[in-house]
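Quick notes on the structure that follows.
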Amino acid sequence: MSKIACIFPGQGAQYPGMGKDLAENYIEAMRIFDLASERLGIDMRELCFEGNEEELKKTENTQPSILTASIAMLEVLKLRGIEPEVTAGLSLGEYSALVASRAISFVDAVALVKKRGKYMQEAIPAGEGTMAAIMGMGRESVMECLKMARDYGVVEAANYNCPGQIVIAGHTKAVERACALMKEKGAKRAIMLPVSAPFHSSLLKPAGEKLAVELEKVDISDNEMPVVSNVNAQVIVDKYQIKKCLVEQVSNSVLWEDSIKNMTEMGVDTFVEVGPGKTLSAFVKKIDKSLYVYNVEDMESLENTIVSIRERLECN
């Protein structure tokens, strides 16, 4: 039997107007934006629907706005009869996955990710850390170049997104040196990313420590459906492991490719990216071309996804 997984995007997926048409057509979606506004004391409708790119790029705004838009979109998808059986999210998206699995309430999650964004931003002075995307190079070769660049500072693998795409993070000079080495050794491209901090590197451990304190104040339950963790690509088993994984996730590699492969081994053949953008959909297709991949971010993609999934299920 075909299993459906919902996957949720992370930082960088945001854009002005995200979630607007769904919220204007479904009161259930608009309610999520209003709950976020009430909890955070900011106008989430204005930030997501009318806000400019600069406002949305601020990490403290980015994280709650993507979470809010993603959960609003999930509410509509569920209302239309599509329920996930497994879930996962890339980095920040893991919080959306935990809300979907009813391990944490939406209002607690949105407050938590606002603080998470602040802590991640504050962990290292601006300009001292960065990230880069490496295209067309295998894991072993990337790791070799990272070792060679460490004379210049900390530099580590941050995201294993899909075959041929690995993101690295660390001190700016070390990342630049690693990129130069990788180009010399055959990487197709090494692109510096416009980010404010070296996310998912050991330089962000101070952010994880602050987040651990906040997590102790939040009511977290055992997840009601399987959530695959970024940290080890395995299913999270209980509320204690949830807290541990969320703390570790800030300063450890995101094993996205491994997570998708493990979900397919669990019987998932249908992936629905729920949230702004189609980045995760592209990753999944590169990981396994045989999978069915959809996305829901607006009215058009919602209708296309529902029609396609229903038609396929009726044929089986």
Checklist entry - What order do you get for Cys48, Cys145, Cys6 when you list them from fewest to most C-beta neighbours inside 10 Å? => result Cys145, Cys48, Cys6
Next on the checklist: Suppose each label sits 7 Å from its Cα in the direction of the beta carbon; what would the Lys244-Asn25 distance come out to in nanometres?
Outcome noted: 4.3 nm
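From largest to smallest, what semi-axes in whole angstrom does the range 44-83 give when each is the square root of 5 times an eigenvalue of its alpha carbon gyration tensor? Can you show the working numbers first?
Working: eigenvalues 118, 19, 7 Å².
In descending order, the three semi-axes are 24, 10, 6 Å.
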Next on the checklist: Given the DSSP H assignment, sum -39500 (n - 2.57) over each helix run of at least 4 residues in the chain and divide by its residue total; what's the result at 222 nm in deg cm²/dmol, nearest 500?
Outcome noted: -15000 deg cm²/dmol
Checklist entry - Going by alpha carbons, how many degrees (0 to 90, nearest 10) lie between the helix axis of 256-265 and the longest principal axis of the chain? => result 50 degrees
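Does the range 159-300 come out rounded, prolate or oblate by the C-alpha gyration tensor, with a ≥ b ≥ c the root eigenvalues, rounded set by a/c under 1.5 and, if not, prolate when a/b is larger than b/c and oblate if not?
Working: a/c = 1.92, a/b = 1.11, b/c = 1.73.
The shape class here is oblate.
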Checklist outcome for this item: In degrees, nearest 10, the alpha-carbon axis of helix 239-249 is tilted away from the dominant principal axis of the alpha carbons of the chain by 40 degrees
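If you take the C-alpha gyration tensor of the chain, multiply each eigenvalue by 5 and take the square root, what semi-axes do you get, largest first, in whole Å?
Details: eigenvalues 179, 108, 67 Å².
Semi-axis lengths for the chain are 30, 23, 18 Å.
Let a ≥ b ≥ c be the square roots of the eigenvalues of the Cα gyration tensor of the range 124-236; is it rounded (a/c under 1.5), or, if not, prolate (a/b larger than b/c) or oblate?
Details: a/c = 2.82, a/b = 1.57, b/c = 1.79.
It comes out oblate by the Cα gyration axes.
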Item to check | Cα-based Rg and Dmax for the range 129-195, where Dmax is the largest Cα-Cα distance (Å) | outcome: 10.0, 28
Checklist entry - When the chain is fully extended, how far beyond the present Cα-Cα distance does Lys57 get from Glu265, taking 0.36 nm per residue of separation? => result 71.3 nm
Checklist entry - Restricting to the chain, what percent of DSSP beta bridges are antiparallel, rounded to 5? => result 55 percent
Checklist entry - Using a simple charge model, +1 on the beta-carbon of Lys and Arg, -1 on the beta-carbon of Asp and Glu, nothing else, what dipole does the chain show about its Cα centre, in debye to the nearest 20? => result 1000 debye
Item to check | Simple spin-label estimate for Lys285 and Lys78 in nanometres, 7 Å along Cα-Cβ | outcome: 2.9 nm
Checklist entry - So for the pair Ser202, Cys315, with labels modelled 7 Å out along Cα→Cβ, what separation do we get in nm? => result 5.0 nm
Checklist entry - Which of these, Val99, Val237, Val167, has the largest mean-square fluctuation under a Gaussian network model of the chain (Cα springs below 10 Å)? => result Val237
Next on the checklist: Just to confirm the number: angle between the C-alpha axis of helix 27-40 and the first principal axis of the chain, 0 to 90 degrees, nearest 10?
Outcome noted: 50 degrees
Checklist entry - Order of Thr172, Thr87 from fewest to most other C-beta atoms within 10 Å? => result Thr172, Thr87
Checklist entry - How much length is gained if the chain between Lys217 and Glu184 is pulled fully straight, taking 0.36 nm per residue apart and subtracting their Cα-Cα distance, in nm to one decimal? => result 7.0 nm
Next on the checklist: Run the reach check for Lys78 against lysines, Cα to Cα strictly under 17 Å, same-chain hits fewer than 8 apart removed. What comes back?
Outcome noted: Lys3
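Checking the a/c ratio against 1.5 first, then a/b against b/c, what shape does the Cα gyration tensor give for the range 74-194?
Details: a/c = 3.48, a/b = 1.79, b/c = 1.95.
Oblate, because a/c is 1.5 or more while a/b does not exceed b/c.
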Checklist entry - What full-extension length gain, to one decimal in nm, is calculated for Lys173 and Glu224 as 0.36 nm per residue of separation minus the Cα-Cα distance? => result 14.0 nm
Checklist outcome for this item: Number of Lys pairs in the range 184-310 closer than 14 Å at Cα, excluding neighbours under 8 places apart unless interchain, is 9
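Please state the relative contact order of the chain as a whole percent: Cα pairs under 8 Å, 6+ residues apart?
That works out to 23 percent.
Readers should treat all values here as calculations from the given coordinates under stated rules, not as data from a laboratory. Please read all numbers here as calculations on a predicted model, not as lab measurements. Neighbour counts are summed over all protein chains in view; Cβ atoms, including those assigned to glycine, are modelled from backbone coordinates with ideal geometry.
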